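Okay, so here's the structure we're looking at.
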Amino acid sequence: MRRDLRLDNVGRRYGIRGPWVLRGVHLAVTPGTLTRVEGANGTGKSTLLRLLAGLDAPSEGRITGRRRTAYVPERFPSALPFTAHGYLTHLGTIHGLSRRTAIRAAGEWLDRFGAAAHARTPMAQLSKGSSQKVAVAQALLAEPELLVLDEAWTGLDAAARTELERAVAERTAAGCAVVFVDHDPRRLAGAPDTTYTVRDGGLERRTRDTTAPYDGPQVVVEVQGPQGGQPPVEALGALVSTEETAPGTYRLTVPASHSDVVLRTLLTARPPWHVVKVQPIDKHAKDDHR
């Protein structure tokens, strides 16, 4: 069983007499969970994420349960002596992938984020948006056990933002712990297992707000299972709403970014559920009729 990543009485300051950015922090990050970190600018959110990613060491306290980690910083150093594909391939081999596997994974992730056309472009010549796609891809290609995202959606186009949300859903479903900061309060709304607010150098925890409405793209999945059965609990965490339309038949509304994970969960359940229909919701058309 994989252990939690734990921060016990952790503090961090820069310089021997510098002010404490964080102090007395206790945190447990469990495999397969999604954790959101909030707080005003300058409160120490990025410092906390750097501690989790292992890029900074605590000035006091200890961190245990360290696992294979990938990190997307708020500012990615793009002036690197590689092409986009060459950089991802290089990072893949550093993370332990064979060169052949790294080459394939680099191409797949560039394609997923709509950057395949820039595979042979030198990193220094990439636009900010394309550079950010490479930054996200490098964190995902080796299937990390802990994924730390610091404003990772910033600079991405709408399709790439949705793809990153989909990747987050896939990683948590695979048992990866994901911790993220994002300035948009609607980002992955309703999905985090836990949210922490950084305030006055410490962490304040609140549980998942199940009443927060999800306002992003949605998909309706109609499924049939054994009479009296209920959809597997692994899928329920990603649901916007659920309605039993007949015994054993459900109409599930899910975030579009989570639909692949929900479908995979339903189809691989024992016994498997029969997927009757999958249909995107046209929220704009729905709003026009109000």
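Here are the numbers for the structure shown:
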| item | result |
| --- | --- |
| Residue satisfying all of: in the stretch 188-205; out of contact with any Gly (no Cβ under 8 Å at 6 or more places or on another chain) and surrounded by 21 or more Cβ atoms within 10 Å (Cβ to Cβ); farthest from residue 112 (Cα to Cα) among these | 196 |
| Yes/no for residue 178 being assigned to a helix (DSSP H, G or I) and either crowded, with 20+ Cβ neighbours inside 10 Å or touching a residue at least 60 places away in the same chain (Cβ under 8 Å) (or both) | no |
| Among residues of the stretch 59-111, those that are within 23 Å of the chain's Cα centre (by Cα) and not in a helix (DSSP H, G or I), counted | 19 |
| Sole residue being crowded, with 19+ Cβ neighbours inside 10 Å, of a type outside the set (Asp, Glu), modelled with pLDDT under 95 and more than 15 Å from residue 7 (Cα to Cα), chosen from 80, 34 | 34 |
| Residues that are among the hydrophobic types (A, V, I, L, M, F, W, C), in a loop (DSSP other than H, G, I, E, B) and either loosely packed, with under 14 Cβ neighbours inside 10 Å or modelled with pLDDT of 95 or more (or both), drawn from the stretch 119-135 | 119 |
| Matching residues in the stretch 152-170 - criterion: being closer than 21 Å to residue 87 by Cβ and within 11 Å of the chain's Cα centre (by Cα) | 152, 153, 163, 164, 167 |
| Residue among 18, 24 that alone is at pLDDT below 95 and over 20 Å from residue 153 (Cα atoms) | 18 |
| Selected residue (criterion: modelled with the lowest pLDDT) from residues of the stretch 42-55 that are crowded, with 18+ Cβ neighbours inside 10 Å and not in a helix (DSSP H, G or I) | 43 |
| Residues (in a loop (DSSP other than H, G, I, E, B) and closer than 20 Å to residue 255 by Cβ) located in the stretch 155-174 | 156, 157, 174 |
| Filtered residues of the stretch 23-41 (kept if touching a helix residue (DSSP H, G or I) at 6+ places or on another chain (Cβ under 6 Å) and in a strand (DSSP E or B)) | 34, 37 |
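Every residue, every condition in (1) more than 30 Å from residue 21 (Cα to Cα); (2) buried (at least 17 other Cβ atoms within 10 Å of the Cβ); (3) over 16 Å from the mean Cα position of the chain (by Cα), yes or no:
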position: 117; (1), (2), (3): yes, no, yes
position: 148; (1), (2), (3): no, yes, no
position: 172; (1), (2), (3): no, yes, no
position: 219; (1), (2), (3): yes, yes, yes
position: 222; (1), (2), (3): yes, no, yes
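The values are calculated or read from the model by the stated rules, or taken from the named source; none is laboratory data. The shown structure was predicted, so the numbers you read here are calculated from the model rather than taken from an experiment. Glycine gets a Cβ as well: all are built from the backbone with ideal geometry, and neighbour counts include every protein chain shown.
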